[in-house]
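As structure tokens, the structure follows; a few thoughts come after it.
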């Protein structure tokens, strides 16, 4: 199957940008002197169009793994939080929060981090604080997606709008099947994605580490036996598992 190189969320905006730049630059070319003014506006217009197109790039990443308990990064960006926290919108109990901050230069498509069934998909209006701030998870505009794995473990993924982001798109709907290598949604401009995992989840990344959506292995859920034996959350580990086969990307 051939994948488009531009994400569907950006096609309309790119066409609109081209039309707007055309309407601006044609009158400048025809009526404004000297001609170097047109040259400058044309260069600026080209830079803007390149940035908008680059922002909505849609890389194809196909990941194959041999362990269904692996949690894969749902987004590109940098890990800014790994800590136990009270999740009070759905679980109403302490969970291990893992947050990834996405800059305007990251790929902004979001992937399902694990396979399972979507139980909840809710959008909430809110503020637009900087996505790197801790309170953005509970005060900013956001969408919450809860996935139940085949082993009946529930995890939550929260898409959070940032200071620049003005639209969160969530494809996940209750009853949908979450599949690896599939987009969960898209966030326009700077933003973040939070995950809420069981406290006994084994971490493979650390705060400050750069990750790639649908490629970096973030963590591993404890299996049923480990979950019964676990008494406290494990400390983050820097070592990556070797169960990954290969990831390919085409831009």
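The values are calculated or read from the model by the stated rules, or taken from the named source; none is laboratory data. Fair warning: this is a prediction, and the values are worked out from it, not measured in the lab. No Cβ is skipped: glycine too gets one built from the backbone with ideal geometry, and neighbour counts run over all protein chains shown.
Is at least one residue of the stretch 51-61 closer than 30 Å to residue 222 by Cα and not in a helix (DSSP H, G or I)?
For the stretch 51-61, residues closer than 30 Å to residue 222 by Cα and not in a helix (DSSP H, G or I): present.
Out of 106, 110, which single residue is surrounded by 16 or more Cβ atoms within 10 Å (Cβ to Cβ), within 22 Å of residue 174 (Cα to Cα) and either in the same structural domain as residue 212 (by TED's automatic domain parsing) or at pLDDT 95 or above (or both)?
Just one listed residue meets the conditions, 110.
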